[in-house]
């Protein structure tokens, strides 16, 4: 369990990357008020999804435009084919809390 | 349409097969590929793969499941020799003739080289997986002195990889400023300064007079050096020639398909022959965003163009291509360079974020008040926002065609 930031530090449309205390970097997105967390590195090639283009609850990779559904981690178009691992996010006392998933993506 | 032959089995060829099935075509598909490999991704060939950090398996573009779903026949290691437009038949080097209702030309391009390179061991071009395997073997054998001829993107990436392997690297560029055609002079200077940042020698404005080998006659034995036009001799154990490509259209001679620096296409990728379309590096289509009628050798075009070409092929009418800025990226010396749009001679770059010296910046090119291109180094987030704000500039049509 990692306390990431205050909720006002991750306003709608914004993203941030967590690199400490996690097995692999995690990207958090505020998609119109709901915070999602997925593995930060695109499953296609080395690019950070926190730098990607957020539209609704989909994020587009900044390098090759693979799009992922943040709710499931699944790619919605090529070139990525593998799903991202998703992580649970909760809010506690105004803070965003990340619960890192151990194991394989769904 | 009941049968389609795709000539070329790289990214554009595979993307065409995918687009055919996505758009509901359920007839037969035959794909002819000159290389013996199933479709693979080329960009890593100058980077991770060349360094030895990736297996060939990791480059695969398709999976066994996908190939089963696509239900195409793959004729790999087969070269197309001729196209007969009347019968729409493709003749292969082995003599086999493939007749079909539609033909897709996706034969790509071949690297240009320099006189005297042929037959000289240690001299490489880089286009295919086999090219990369041969170059990698040479780079990983001992500590060769490397000379890269051409400071374009492929040359720069190879130099960066060789540098990462702790090799002694010199880059030779005939133009005064590398990348000037792609990025303009000021940004060409900024991006090519990555070489000197990392201690790689960059010699500009000097042509190559010839290659020196240890054989008794020229073009024999193993390379030992590169003679420059100004007389200097650069000792070399490995030479990489990265001086651009020429579209692979020789096999279309006599077919009636109009060829001029690639296959001449309409906006829908249709050629001068009905039922024949072209995609990828070989296709020269008018681009609705840039207004230019030029080949685009980008990875992204090879994935997007086939959707348009397939709509044209299946409907029999020229389809409309999406109005999107061309996009490419280059990874070198741990820097990520991204460009969207087309930088014409009269487009002025304006720094909008970061600074050049920190090698982290975004510059927007403007022409006649319009933002026509955006260049970023290590700034993917802002780059992606700004690439969506570019405007197609109709005025560019007259000035750059």
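Residues that are modelled with pLDDT of 95 or more and at positive phi: does the range B:292-308 have at least one?
Taking every residue of the range B:292-308 in turn, none turns out to be modelled with pLDDT of 95 or more and at positive phi.
Determine whether the range A:84-93 contains at least one residue that is within 14 Å of chain B (Cβ to nearest Cβ), closer than 27 Å to residue B:298 by Cβ, out of contact with any helix residue (DSSP H, G or I) (no Cβ under 7 Å at 6 or more places or on another chain) and in a loop (DSSP other than H, G, I, E, B).
There is no residue in the range A:84-93 that is within 14 Å of chain B (Cβ to nearest Cβ), closer than 27 Å to residue B:298 by Cβ, out of contact with any helix residue (DSSP H, G or I) (no Cβ under 7 Å at 6 or more places or on another chain) and in a loop (DSSP other than H, G, I, E, B).
Within the range B:92-111, can you find the residues that are over 15 Å from residue B:78 (Cβ atoms) and either exposed (fewer than 14 other Cβ atoms within 10 Å of the Cβ) or free of Cβ contacts under 8 Å to residues at least 12 places away in the same chain (or both)?
Within the range B:92-111, just B:99 meets the criteria.
Read through the list (1) in contact with a strand residue (DSSP E or B) (Cβ under 6 Å, 6 or more places away or on another chain); (2) within 20 Å of residue B:224 (Cα to Cα), then give the number of the only condition that residue B:166 fails.
For residue B:166, the exception is condition (1).
Return the total of residues in the range B:18-29 being under 24 Å from the mean Cα position of the chain (by Cα) and within 22 Å of residue B:96 (Cα to Cα).
Total meeting the criteria: 0.
In the set A:69, A:39, which member is crowded, with 22+ Cβ neighbours inside 10 Å and more than 23 Å from residue B:339 (Cα to Cα)?
A:39
I'd like to check something: does the range A:47-62 contain any residue that is within 12 Å of chain B (Cβ to nearest Cβ), under 29 Å from residue B:60 (Cβ atoms) and in contact (Cβ under 8 Å) with a residue 40 or more places away in the chain?
There is at least one residue in the range A:47-62 that is within 12 Å of chain B (Cβ to nearest Cβ), under 29 Å from residue B:60 (Cβ atoms) and in contact (Cβ under 8 Å) with a residue 40 or more places away in the chain.
Assess whether residue B:160 counts as being in contact with a strand residue (DSSP E or B) (Cβ under 8 Å, 6 or more places away or on another chain), free of Cβ contacts under 8 Å to residues at least 12 places away in the same chain and in the same structural domain as residue B:137 (by TED's automatic domain parsing).
The answer is no for residue B:160.
Which residues, taken from the range B:20-59, are within 11 Å of another protein chain (Cβ to nearest Cβ), more than 18 Å from residue B:158 (Cα to Cα) and modelled with pLDDT of 95 or more?
B:22 - this is the single residue of the range B:20-59 that is within 11 Å of another protein chain (Cβ to nearest Cβ), more than 18 Å from residue B:158 (Cα to Cα) and modelled with pLDDT of 95 or more.
Hey, among B:200, B:177, B:208, B:171, which residue is at pLDDT 95 or above, over 25 Å from residue B:132 (Cα atoms) and in contact with a strand residue (DSSP E or B) (Cβ under 7 Å, 6 or more places away or on another chain)?
Of B:200, B:177, B:208, B:171, the one residue that is at pLDDT 95 or above, over 25 Å from residue B:132 (Cα atoms) and in contact with a strand residue (DSSP E or B) (Cβ under 7 Å, 6 or more places away or on another chain) is B:177.
The values are calculated or read from the model by the stated rules, or taken from the named source; none is laboratory data. Computed from a predicted model, the values in this text were never measured in an experiment. Reconstructed Cβ throughout: ideal geometry from the backbone, glycine too, with neighbour counts over all protein chains shown.
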